[in-house]
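Before any comments, here is the structure.
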């Protein structure tokens, strides 16, 4: 799933440790090993646009600058890289969205079924989480994905689903609790 | 049970997923920095949720790599170093002045008496909670480090690392305690000509078990134009 032995946690972790010491060749090796995974995150959040590439560049700059803090987080190496990248891409998306009309994205969220492209991406989602999400009621799964992968706020999600804010909050929290319990099994 | 969720864990989940806003976000961020149990909850949620972004690889445009490298390592990366390090402000600190004096006097006391280059640089963490001033004495091939802010967490020690341009990093030595430490440079590090990079990490007693930093790296600094003593 992760595309080759260079993505072993040990390898990625060693490259991050060397980056923390300012080792430029380790950064290049880390980039080679992980850029397709991290670009996929940016493309999922921002579409296949120049902004997705910018976001990936920003993520690598954060990774280089914060490599010394990686161990403090307690994440596995790919989790850390993906989390940094997802947060960077979401920040970009929100900044971009703040200039746009709200109506632009209601359509996306309110759409009953995924587009073929979204379905292909969804099918590739790895790990137990995908299984667990598929057990949730559709509205809760949509809300969780909308928050994590599209950066929507509670009020965005409530508007898009046509429910009161508190209902959305309850859906989402119950969805997250169900996920946590499903994933711990 | 579902009707009575663990409030802290939900707060951590909402933080990780990005649903907190304004004051609630600031509050959670502050708490994450001061409450390790809460921080651990956030990390667990980040790990769970990150699976949603663990996707089939998509190759980025080939030019992206060169663009990142250009942004990170501009042509003359060390020109602004002295300014950036804020070194001379730091050097007004008495501890550092004393250290410099010590470095200079011990270098003067060296037998045979030779004049050799002395390089000074400051290693600082991004958040400014950790600062070390390093003096590299090329006459003796030693590095003398003094903490001016921060320390290893309880039960941990400091370890000093170094490398030359495009060379692998290696341990210079352990710094188990004290305000300052004097370490001989390993032969490979003593042989570095050009930019010498120094870094400090926190490690278990006895040092990193992996040969690379295994704990937080507080920071690194590049000292340009390092030459051998004549």
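If you project the alpha carbons of the stretch B:7-53 onto the principal axes, what extent comes out on each, in Å, largest first?
Extents along the principal axes, in whole Å: 27, 22, 17.
At a Förster distance of 35 Å, what's the computed FRET efficiency of residue B:27 paired with residue B:67, Cβ-Cβ distance as r, to 0.05?
Rounded to the nearest 0.05, the efficiency is 0.40.
How shielded is B:208-214 by partner chains, expressed as the average number of their Cβ atoms within 10 Å of its Cβ atoms?
Per residue, the average neighbour count from other chains is 4.
Quick check on the stretch B:115-226: what does the Kirkwood estimate of hydrodynamic radius come out to from the alpha carbon pairs, in Å?
Answer for the stretch B:115-226: a Kirkwood hydrodynamic radius of 13.8 Å.
Give me a single rounded figure for B:134-145: the average over its residues of other chain Cβ atoms within 10 Å of their Cβ.
Average per residue, whole number: 0.
Calculate the tail of P(r) for the stretch A:5-97: the fraction of all Cα-Cα distances greater than 21 Å, expressed in %.
27 percent
Going by average Cβ density within 10 Å per residue, which order do the peptides B:201-208, B:149-156, B:65-72 take, highest to lowest?
Per-residue Cβ counts within 10 Å, averaged per peptide and sorted highest first, yield B:201-208, B:65-72, B:149-156.
Within 10 Å of each Cβ of B:19-32, how many other protein chain Cβ atoms are there on average?
Mean inter-chain Cβ contacts per residue within 10 Å come to 1.
No lab work stands behind these numbers, since they all come straight from the coordinates. As the structure is a prediction and not an experimental result, all values here were calculated from the model. Note that we place each Cβ from the backbone using ideal geometry, even for glycine, and neighbour counts take in every protein chain shown.
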